[in-house]
Amino acid sequence: MRGFLASSIAVATAAALALPLSLATPAQAAASPSAASPVTPAGSTRSLPLVPLGPSADRSPGVPGMSASPRLPETRGLTPHEVKRFSLVGVVWDDARTELFGRVQVRTRSVGTGAWSAWQDLETHNGEHAADPDAAERGSGRVRGSTAPLWVGDSDGVEVRVQAEPAPPGLRASAAHRLPSGMRIELVDPGSTDPVTTVVDAKNGGHGADDPDGATGATGPTGAPGAVDAVDDPEGDDKGDVVTLPGMTMEMAESSSANVPLAPLGATEITALDKADSTADAILASDGELTAASRPYIGPRPRIITRKGWGADETLREKGFVYTNTVKAAFVHHTASGNNYACKDAPAVLRSLYRYHVVSSGWRDIGYNFAVDKCGTVYEGRAGGVAKAVLGAHTMGFNTDSMGIAVIGTYTSTAPPAAAVSAVARLTAWKLGLFNRDPRTKTTLKSGGGNRFAKGTNVKMNVISGHRDGFATECPGRLLYGQLPPTRLSSAKLQGRP
């Protein structure tokens, strides 16, 4: 894939892309060509290797808990470097099966002000957001271990510290004080995009129409450009390969229009619809096998920003689609990428997350099926059709027959905005309704393997669950998780359930 080739080239030329800031004064750095260079329209990803840091380097002020001592656990990092501009960072390593036990901290320099940020922690994921262990995506040989990404805004300087910590009791004690091999910092520039937003004619099944009011260039409530193309076909020939998963058996087939409902090639927005039209969505989702009477409880289809609307580069991901049989549950996540973004920047955040998942982490596409920003705008995630049962890589062990919804931000100690919580209720009322799921009830999913449930275990879960229900993790953050009980009730109410 071109994305991986670009990443490899970036690693090989890291020395040419980064210059120690100690060679330049702050004034010189602020006036440097890299600080003034425009954002690359297509975006970019650059990798810089993390090197051992000795006791003298550990004396850097402002790094909590890192005193100078020859007996310190292994510490790797990057001294202050000037780099080409970027907006999102994350740390990756070679083997996704190797867990990182340690504290990962970064600080960055703002392009706009020239000031350095405080040290910020990156969450260590250790596989929790990933494909299932036996999935073809996981066994591609390209998947890497990775931390959560962090949105830092337009930046041109970076410093990194990673200090090993003991493994939790009973978990791989031999790994204490050691860090994974091949660690590097990923610097992601989302690039810029200016798509023309058109409103899809929902009355025509979402296939082909202009804004009913004759307007073009329409924007969402936050002023951000509209939604993305549900067609996974960068060549525009509508002949992309499709992988279906009956159970976990893979079958190759050629795509047809039935596999890409609700948005024509090039559409940037899927408009909100009423309940009657959402019943028709259920028939599309099942390739015509349902009757309208069999799906009476479906919430109105929400307005969805498509992949083209947020500017996804379709050449990065694998071309085909992967489907499972149905959608039995929705797992709610937070991206753990921080809350320091404006809603108008959400498309850029998504482009960065997409590049981090595909180019840096080695996944076939962005992991989440949908994303929601803090203003309540809904975005299409993994390609394959918003009404379809697309296999994601969001809750390791429980990606089959589920969908993942990520609220952009970190909601461990920050309360999620009401608009975002409401959007999750609206989205689940529609999508779960297509598959005849009551958001208030429980369902049974079979574990594909993880750190909480052994492979093959049948687990009863809420139809709307948090990531932590299927994997031992903090995600979706304590305060967002606490909003799930009322969200289940709101979602069921939107479906019209008594």
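Summary table
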{"read-out": "Subset tally (residues that are buried (at least 22 other Cβ atoms within 10 Å of the Cβ) and at pLDDT 90 or above) for region 441-462", "value": "1"}
{"read-out": "Meets criteria (at pLDDT below 95 and in a strand (DSSP E or B)) for S146", "value": "yes"}
{"read-out": "Filter pass, A68 being modelled with pLDDT under 90, closer than 30 Å to D313 by Cβ and part of a loop (DSSP other than H, G, I, E, B)", "value": "no"}
{"read-out": "Sole exception among (1) surrounded by fewer than 24 Cβ atoms within 10 Å (Cβ to Cβ); (2) touching a Ser or Thr at 6+ places or on another chain (Cβ under 8 Å) for I298, by number", "value": "(1)"}
{"read-out": "Identity of the residue in region 139-163, under 19 Å from the mean Cα position of the chain (by Cα) and of a type in the set (K, R), that ends up farthest from V349 (Cα to Cα)", "value": "R142"}
{"read-out": "Any pair with Cβ under 7 angstrom, 6 or more apart, that starts in region 362-382 at a residue that is assigned by TED's automatic domain parsing to the domain that holds W430 and farther than 14 Å from F321 by Cα and ends at one that is of a type in the set (D, E) and crowded, with 24+ Cβ neighbours inside 10 Å", "value": "F370/E380"}
{"read-out": "Some residue of region 460-467 being over 20 Å from T324 (Cβ atoms) and in contact with a Lys or Arg (Cβ under 9 Å, 6 or more places away or on another chain)", "value": "no"}
{"read-out": "From D373, D345, residue being farther than 21 Å from L480 by Cα and either among the charged types (D, E, K, R) or in contact with a strand residue (DSSP E or B) (Cβ under 8 Å, 6 or more places away or on another chain) (or both)", "value": "D345"}
{"read-out": "Residues within region 400-448 that are assigned to a strand (DSSP E or B), in contact with a Pro (Cβ under 9 Å, 6 or more places away or on another chain) and not β-branched (V, I, T), tallied", "value": "1"}
{"read-out": "Condition met for R488 (surrounded by fewer than 23 Cβ atoms within 10 Å (Cβ to Cβ), at pLDDT below 95 and not in a loop (DSSP other than H, G, I, E, B))", "value": "no"}
{"read-out": "Which listed residue is at pLDDT 90 or above, of a type outside the set (D, E), crowded, with 20+ Cβ neighbours inside 10 Å and over 25 Å from G145 (Cα atoms), from V106, V111", "value": "V111"}
{"read-out": "K446 vs. criteria touching a residue at least 60 places away in the same chain (Cβ under 8 Å) and closer than 23 Å to W363 by Cβ", "value": "no"}
{"read-out": "Some residue of region 407-418 being among the polar types (S, T, N, Q), crowded, with 17+ Cβ neighbours inside 10 Å, in contact (Cβ under 8 Å) with a residue 12 or more places away in the chain and closer than 17 Å to P302 by Cα", "value": "no"}
{"read-out": "Hits in region 295-351 (condition: assigned to a helix (DSSP H, G or I) and touching a Cys at 6+ places or on another chain (Cβ under 6 Å))", "value": "C343"}
{"read-out": "Pair list, Cβ < 8 Å and 6+ apart or interchain, from region 459-485 residues that are assigned to a helix (DSSP H, G or I) to residues that are among the basic types (K, R)", "value": "Y481/R468"}
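The values are calculated or read from the model by the stated rules, or taken from the named source; none is laboratory data. Values in this document were obtained by computation on a predicted structure and should not be read as measured data. Cβ sites come from the backbone with ideal geometry, for glycine too, and all protein chains shown count toward neighbours.
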